[in-house]
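Structure first, then comments.
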Amino acid sequence: MGSLLALSLLAAACGDDDDGDDAAADESAAGGTTTTTAPDYELEEPLRIVAVISEPGGSDPNAVPDYVDGIEMAIAEINEAGGLGGHPIEFEAVETPAVGDEITNSLNLALEEDPDVLLGPVSSTAVLAMAERVDAAGVPMIHNTTEPKVAGDGEAGSPWIFGNRPPNDGAARIAARYAVEELGAEEIGQLYVNTAFGQSGNEAQDAEIEELGAEVAAERSFEFNATDLTEAVLAMEDVDVVLDWGTPATVGLAVNTLAQQGLADVPHIGPGSVGFSFFADIVGDESLLEGVLGVVDCNPADDDREGVEAWHDAFVEEYGYEPSYGAAQMYDAVHIVAAIVNEAQAADPETIRQGLESLDGHEGICAIYSNENNVLQHSSVVVRFEDGSLVTEKTYDDVG
Amino acid sequence: MERFVSLFVTGVAQGAVFAVVALGFLLIHKATGVINFAQGDLVTLGAYIAIWAATDLELPLLGAYAVAVAALAAVGVLIERFAYAPIRDRSIHVVVISTLGAALVIRAVIVLWRGTSPTRLRGPLGFEVVEVLGARIPKQNLLIIGVTAVCVAALWLLFHRTQFGRQVRALASDRMAAQMQGIRVARMSMLTFGLAGGLSALAGVLIAPTRAVTVDLGFGPMLYAFAASILGGMGSIGGVVVGALAIGLVQQLGGGYLSPDYAEVYPFVLMLLVIALRPQGVLGSEVRARL
Amino acid sequence: MTLRAAGIAVHFGALRAVDGVDLAVGPGEAVGMVGPNGSGKSTFLNAVTGVVAARGSLEVAGRRVPLGRPGAIRRAGLARTFQSPQTFRELTCIENVLLADRDRHATGLAGAWLGRRAMWRRERRRWARALAALDRVGLADRAEEPAGLLSYGQQRMLELARALVGEPAVLVADEPSAGLDDTETAELARLLGDLPARGVSLLVVDHKLDLVEQVADRVVVMQLGRVIADGPPAEVWRRDEVVEAYLGRRGAARG
Ligand SMILES: Nc1ncnc2c1ncn2[C@@H]1O[C@H](COP(=O)(O)OP(=O)(O)OP(=O)(O)O)[C@@H](O)[C@H]1O
Ligand SMILES: [Mg+2]
């Protein structure tokens, strides 16, 4: 707890992020946000945050603790520093599976909690299932997915729905850019899974590769449940880099097959799932991870922006595991909302919605957040494995 | 040449896995007339049980595999008891839907038990490869082919050299007459479901080390095994094995030499062609045409 | 009694196909059953072999057996051949016979995998027995051919071999001579005639009265689902009701 308090003081330097006129000042300020001393105003009612995210041990067997821990860490900091408008923030997390019929139930339960803002969900399926009802209810939502259909111009988009992950096609472009600009690749191999995720990533990469004057030398797609990639990998024999927009399972399979075909030293750039903790288990042999790179939202374990390392260490101390980018993003989401409330001295849904809409240059742990098309984050990080942990290679701030 | 060898061995190995699954289909179909659509999820469950036995119980790998095969034989019997026996006299459609129901239950149980995050089952040979005519062949693929060959030979003996096998074939030939010969139909169907469950687990532990294990592990193999069964005319072990190898090879060589974009489709094109031209299957005789 | 059927009744809607038939066949006895077409002979056999639902009671080799359970009845020692032969066409001849072998040990999976040596020894004995049975009906040289390739008459013989290898207490044969030529019928008569001496009781339904006379010590006459006469052939043929019900046409033809 001591470290938490210290952190909240340390993180205190920076403030609001309203009109953008002091955005430049914000950017030079520390990561980790919020106000120093609670501004002197009185909210009529406390800010109520409700998360539609499952915690481990509940109904969703795939729940990871990161998201809710990130939220609770931020709320604890703020409340220990006096809360918002004279009240501590109130928080509930509602069990919300990533897939299945119970998603809408969970949303209904969450709305009954009378939230001023909803945080989550963390799966595309869930956010698509919730979009219409959220729009009708008029409660702002910050979801942690890259689902393009709920972006501002998406078919399920709503002025109430914001996402705090960078867009998938932007991240896919980063993979191509890194390959050409940093690795000097001219002949590029592409692997991707035949899903919306894989196909849109592949198309974005095609465009980027062409713009950069490199060439797609081989391209192979496969089903999400592919059991063998020998043919696809053999086609990668003469490429400089393999860009792989597959599922964690197929990326793992590709890593194994590349190694078996003697192509382990061809750089292999995968999507964000490479950063999941279970990815190393899938590959099964740590030495095979050496040639693997991934485009992740951020890498709190290795980020020299001010305050990030302190946050990372505090998180590890408090919760005992490496925070994923999701933990950082949800931590940031709370601080974004708190900053909006402090600025407007009001905590109603419409105020928060407006604050998110005009968000510009909010410095967080994972990224500097600005709204564009109801997507709040626009940066990605290329990481690689070193002794089993993720090392940041390069950060990109202009991801879609 | 290396490319051909590589694709060929991969095709045979994939075909071998499809064959093991398809033999499960064949056994149950012969003894009961039913297509058991839970077969694919039994493959998945087998892999997960092996993972559980190897990691949670810390059994040596072969022990874990044995646990998986034994457990799945039991699960096969349970499916027979709960999803087949109570409705065996109903229309074939009801029974097939019931096996689909069993498949969904198994899937739900796996997700509740292990989650949907991908994991891994170690293979006894890791990622070792051998060079054959310049091609790098994963040893696991050779293991798959070898184990399948032994398994096919054993099943052939079982079918043709034991009373059990003859009884299964008699049931397939004429159910009523078989019953009148005193063949215990209920016991036969339990045994075949059990045996097919064990075969699924075998397919699961063979294929799992070559890739990440997710709840979808068995789905592809089941589809291809089904196509293989149709190709083989659902009649004989030989037909099914030939059908499965044809599917594995068509998939790999078609993907390698025609167009990789349709690799997943070639097997089904082949299956449709065979249905159109030889409805009794590649090796089927006209006696078997009644499927 | 080797076979005792009491009060057997089978109704198809309003039709009383079998209407309370009592029949007993003693050890080593050979009984013929005759009667006009549609008098209920096959239906009676179906009832005692368990393939149609019937009322009444059944005893095979001295043990009560429930009606309607063909497998249990077969295992109790009652074997049957059919009006149209029911062989397993996809199986070889010898496999058809092997299926009916009395020795049911090591027939399952456990036997196949655990008791391999024992199984192979037993399996060899079974093959020897099956081959002997095929030899008796003159099919030894067709042992490894699929049964589907046999002629109609040979299929009957195969069915007979299959029935006999199980060493049944009683064999029930429905129209065994149907579709056989004269030499085949003579051969059949010889085979059936041998059975009582080998300890197999016999109940044979046939239209060829000379065959019945040749193999049976006793004849039962059916009409409209009931037994109307029961006794030694020579005596039964003379009874008025039999002549009227069944032999009438024949008698007329003779006269
Ligand atoms: N499954 C059935 N459903 C309805 N009626 C039946 C059925 N089987 C037999 N029958 C009728 O029962 C009666 C007895 O038939 P069954 O076949 O037993 O006579 P059978 O004495 O064997 O005649 P055949 O000498 O022609 O073989 C006949 O009237 C027949 O039409
Ligand atoms: Mg008749």
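Data for the structure
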read-out: Which of C:ASN37, C:ALA6, C:VAL219, positive extreme of dipole for chain C (C-beta unit charges); value: C:ALA6
read-out: Per-selection Rg to Rh, chain C - Cα, Kirkwood hydrodynamic radius; value: 1.00
read-out: Surface accessible to a 1.4 Å probe, B:SER91 within the full protein complex, Å²; value: 60 Å²
read-out: Cα-based shape type of the range B:29-95, given that a ≥ b ≥ c are square roots of the gyration tensor eigenvalues and the cut on a/c is 1.5; value: prolate
read-out: Net charge of Cβ neighbours under 15 Å - reference B:GLN14; Lys, Arg +1; Asp, Glu -1; value: -3
read-out: Positive-end extreme of charge dipole, chain A - chosen from A:ASN342, A:ALA327, A:ALA196 (charges on Cβ); value: A:ALA196
read-out: With eigenvalues of the C-alpha gyration tensor scaled by 5 and rooted, the protein assembly as shown, Å; value: 77, 31, 21
read-out: Within 10 Å of each Cβ in B:254-263, the average number of Cβ atoms from other chains; value: 4
read-out: Degrees separating the helix C:182-194 axis from the principal Cα axis of chain C, which is the longest one; value: 80 degrees
read-out: Dipole of the range B:19-215, positive end: most advanced residue of B:LEU191, B:ALA70, B:ALA19 [Cβ charges, Cα centre]; value: B:LEU191
read-out: D (Stokes-Einstein, µm²/s), Kirkwood Cα radius, the range A:205-250, 0.692 mPa s at 37 °C; value: 277 µm²/s
read-out: Cα long-axis angle, helix C:152-165 against chain C (0 to 90 degrees, to the nearest 10); value: 70 degrees
read-out: Other protein chain Cβ atoms within 10 Å, averaged over every residue that makes up B:155-164; value: 5
read-out: Reachable lysines, given that their alpha-carbon falls under 22 Å from the alpha-carbon of C:LYS208 and they are not under 8 places away in the same chain; value: C:LYS41
read-out: Mean Kyte hydropathy of 1.0 or more with a Cα span along the axis of at least 27 Å, helices from DSSP in chain A; value: none
read-out: 10 Å Cβ neighbours from other chains, averaged over peptide B:47-55; value: 0
read-out: Solvent-accessible area buried by pairing C with B, both sides, nearest 100 square angstrom, 1.4 angstrom probe; value: 2700 Å²
read-out: Principal-axis tilt of helix C:116-136 within chain C, Cα atoms, nearest 10 degrees; value: 40 degrees
read-out: Derived scalar couplings ³J(HN,Hα) [the range B:230-246; Karplus, 6.51 cos²θ - 1.76 cosθ + 1.60; whole Hz; x for Gly, Pro]; value: 5, 4, x, x, 6, x, 10, 4, x, x, 5, 5, 4, x, 5, 5, 4
read-out: Candidates per GluC sites (Glu not before Pro) in the range A:153-188, loop by DSSP, up to 10 other Cβ within 10 Å; value: A:GLU155
read-out: Sorted peptide list for A:102-114, A:320-332, C:67-79, C:6-18, criterion being average Cβ within 10 angstrom, highest first; value: A:320-332, C:67-79, A:102-114, C:6-18
read-out: Point-charge dipole on Cβ atoms (K/R +1, D/E -1) for the range A:168-296, about Cα centre, debye to 20; value: 420 debye
read-out: Heavy-atom accessible area order for A:GLU231, A:GLU215, largest first, 1.4 Å probe; value: A:GLU215, A:GLU231
read-out: Ellipsoid equivalent to chain A - semi-axes via the Cα gyration tensor, in Å; value: 37, 22, 19
read-out: Electrostatic dipole magnitude of the protein assembly as shown [Cβ: Lys, Arg +1; Asp, Glu -1; Cα centre; debye, to 20]; value: 12760 debye
read-out: Translational D in µm²/s for the range A:168-296 (Stokes-Einstein at 25 °C, 0.890 mPa s, Kirkwood Rh from C-alpha pairs); value: 176 µm²/s
read-out: Whole-number percent relative contact order across chain C, with pairs defined as alpha carbons under 8 Å at least 6 apart; value: 27 percent
read-out: Cα centroid separation, the range A:258-324 to the range C:120-189 (Å); value: 74 Å
read-out: Size of charge dipole - the range A:203-242 - debye, nearest 20, with Cβ of Lys, Arg +1 and Asp, Glu -1, no other charges; value: 160 debye
read-out: Within chain B, longest stretch free of exposed trypsin sites (Lys or Arg not before Pro) [DSSP loop, at most 11 other beta carbons within 10 Å]; value: B:91-289
read-out: 20 Å tail of the calculated P(r), the range B:19-215, as % of Cα pairs; value: 57 percent
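The values are calculated or read from the model by the stated rules, or taken from the named source; none is laboratory data. Keep in mind that what you see is a predicted model, and the values were worked out from it rather than measured. Ideal geometry is used to build each Cβ from the backbone, glycine not excepted, and the neighbour counts take in all protein chains shown. These area figures cover heavy atoms from the full protein model, side chains too; ligands, DNA and RNA do not enter into them. Shrake-Rupley method; radii C 1.70, N 1.55, O 1.52, S 1.80 Å.
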